[in-house]
Amino acid sequence: MRPKKEGSMKRIMKAILSVGLVFALMISVSACQSNGWGNKQTGGMLIGGAIGGLAGSQIGSGKGQLAATALGVLLGAWAGSEVGASLDRADRMYAERAAMVALETNPTRVGTPWHNPDSGHSGMIMPTRTYQTSSGEYCREYQQEVTVGGKKVRAYGTACRNPDGSWRIVN
C-alpha cells in the first residue's frame with residue numbers, strides 16, 4: 001500500500017503534465033499562429049505557461065498550491081515552447097484527427113498514430129480508461145506521445161464527450 005502523500009504527488013504531477021503538455025500541443029500552437037505573433041515558440045511558451053499555472057493553482061492549498069502553480073508554469077512554458085518551436089499547422093491537424101479517431105472508436109490500450117510526411121513529425125494517442133461520470137457524461141483518459149526531431153514528449157489527460165458528439169479536453 002502506497003503512502004497517501006506519494007499518491008497525492010503522483011496526481012499533482014499527472015494533472016500538471018496533462019495540462020502543460022497536452023494543451024500546449026493542441027491549443028498553444030494554433031493560438032500563436034492565428035493571432036499574428038509569428039513566433040510559434042514564444043507564443044507556445046506564453047500560453048503553455050499560463051495554462052500550466054492555471055492547472056497548478058487548482059491543486060492543493062497553502063504553500064503546496066503555490067509550489068504546484070510555479071511548477072505548472074515552468075512545465076507548461078517549457079512544453080509549449082518545445083512544441084511551438086517544432087509543430088506547424090499541418091502537424092496539429094494530423095494530431096487532432098488521430099485524437100478524434102482514438103477517442104471515438106479505439107478500444108482501451110489501442111493507439112492511433114499520426115505522421116506528417118512533409119515535416120517528419122509524428123505521434124500517437126491511446127485511450128487508457130473509459131468511464132461514465134455520475135452525471136452520465138462519457139469520458140476517456142488517454143496517453144499521448146509526440147516525436148519531433150527524434151525527441152519524444154509524453155502527456156496524459158482526460159477528454160469528455162460533448163452533447164454534440166465532439167470531445168473536449170478536461171485536464
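Bear in mind that the values in this text are calculations on the coordinates, not laboratory data. Since the structure is predicted, the reported quantities are computational estimates derived from the model, not experimental observations. All Cβ positions, glycine included, derive from the backbone under ideal geometry; neighbour counts span all protein chains shown.
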Task: Coil-residue GluC sites (Glu not before Pro) of region 113-157, DSSP, other Cβ within 10 Å capped at 14 - done: E137
TODO: At most 15 other Cβ atoms within 10 Å and a DSSP loop assignment: could you name the trypsin sites (Lys or Arg not before Pro) in region 106-171 that fit?
DONE: R109
Open item on the list: Apply the a/c threshold of 1.5 to the C-alpha gyration tensor of region 109-169 and tell me whether it is rounded, prolate or oblate.
Closed with: prolate
- [ ] Enumerate the calculated ³J(HN,Hα) couplings along region 139-156 in order (Karplus 6.51 cos²θ - 1.76 cosθ + 1.60, θ = phi - 60°), each rounded to whole Hz, writing x wherever the residue is Gly or Pro.
- [x] 9, 9, 7, 8, 10, 10, 9, 10, 10, 10, x, x, 9, 9, 10, 10, 8, 10
Task: FRET efficiency for K152 and S119, using Cβ-Cβ distance with R0 set to 22 Å, rounded to 0.05 - done: 0.90
Open item on the list: Assuming 0.36 nm per residue, please report the length gained on full extension of the stretch E104 to R129 beyond their Cα-Cα distance.
Closed with: 7.7 nm
